[in-house]
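Undergrad: One structure is given below, represented as structure tokens, and several questions about it will come after.
Read the figures in this text as sums done on the coordinates, not as results from a lab. The structure presented is a predicted model; accordingly, all values stated were derived computationally and were not measured.
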Amino acid sequence: MIIAEVNGKIAGYLLARIHHPTHNAIIENFLVREEYQGKSIGTQILNQCLEDLKKQGVVYVYIAVHLEDKELIDFMSQRGFYQGKKFLWLEKLL
């Protein structure tokens, strides 16, 4: 987990989990508080995460993004992420 602090307050965080047998990782949680968005905090957190994952031998990283979250889709796309073909997301309403 990577936590970004600004003046002692949590500005954002990112949690990724590695599946060691496949050298894949999933970004499970990624948040930058609204008042800190647009200040490169998200980019810094993501870059640190990707660096750390690469050092640990990860070769593929993915994140599940809600179809309506255009802001996050744009953010991730601008940083080299693309709509994947390796996984299919299955869901069920309860």
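Undergrad: Filter the stretch 52-94 down to the residues that are of a type in the set (Val, Ile, Thr) and under 12 Å from the mean Cα position of the chain (by Cα) and list them by number. Break it down stepwise before answering.
TA: Taking the stretch 52-94 first, the residues of a type in the set (Val, Ile, Thr) are 58-59, 61, 63, 65, 73.
Selection gives VAL61, ILE63, VAL65, ILE73.
Undergrad: Just give me the residues in the stretch 6-33 being under 22 Å from GLU71 (Cα atoms) and more than 16 Å from the chain's Cα centre (by Cα), in sequence order.
TA: Hit for the stretch 6-33 is ILE10, nothing else.
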